[in-house]
């Protein structure tokens, strides 16, 4: 199984509309958290050490293998079996409510 990647084009503009109010959460094929050595099940505003790219964009990774030590702060460990990603919008901004916002695409890499 490869790595899934979510990239926000610039200054977190695509992800921040929901991440300001909720995380990106990974669930295994049975819709439970995926047990992992990092004990990390989601990424969001509580993760103060998320690294942005040099152009200000934000890339998040989900996969069974680390994307590399330098990218692990932006990584959700996933099972080798199918998994799902959910963006929770607890207090959505107007763009989410009126459906003018769409989340960034998940791209399979590697």
task: Using a Förster distance of 22 angstrom, determine the FRET efficiency expected from the C-beta separation of residue 73 and residue 98, and round it to 0.05.
output: 0.10
statement: The simple spin-label model distance between residue 39 and residue 105, using points 7 Å out along Cα→Cβ, in nm, is 3.8
- line: Computed D for segment 3-109, Stokes-Einstein, Kirkwood radius over alpha-carbon pairs, 20 °C, 1.002 mPa s, to the nearest µm² per second, is 152
task: List the relative contact order of segment 3-109 as a percent without decimals, with contacts defined as Cα pairs under 8 Å and 6+ residues apart.
output: 44
field: Nitroxide proxy distance, nm - points 7 Å out along Cα→Cβ at residue 91 and residue 47
entry: 2.2
Burial ordering of 61, 27, 90, fewest other beta-carbon atoms within 10 Å first: 90, 27, 61
- request: Would you mind computing, in nm to one decimal, how far apart the modelled labels at residue 55 and residue 31 are, each placed 7 Å from Cα along Cα→Cβ?
  value: 3.8
message: Give me P(r) over segment 49-110, computed from all C-alpha to C-alpha distances, binned every 5 Å, as integer percentages.
response: 4, 14, 20, 21, 20, 13, 7, 1
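Of 75, 91, how do they rank once you tally other Cβ atoms within 10 Å and put the fewest first?
Values: 75 22, 91 9.
Final ranking by Cβ density, sparse to dense: 91, 75.
No lab work stands behind these numbers, since they all come straight from the coordinates. None of these values were measured; they are calculated from a predicted model. So basically every Cβ, Gly included, is an ideal-geometry build from the backbone, and we count neighbours across all protein chains shown.
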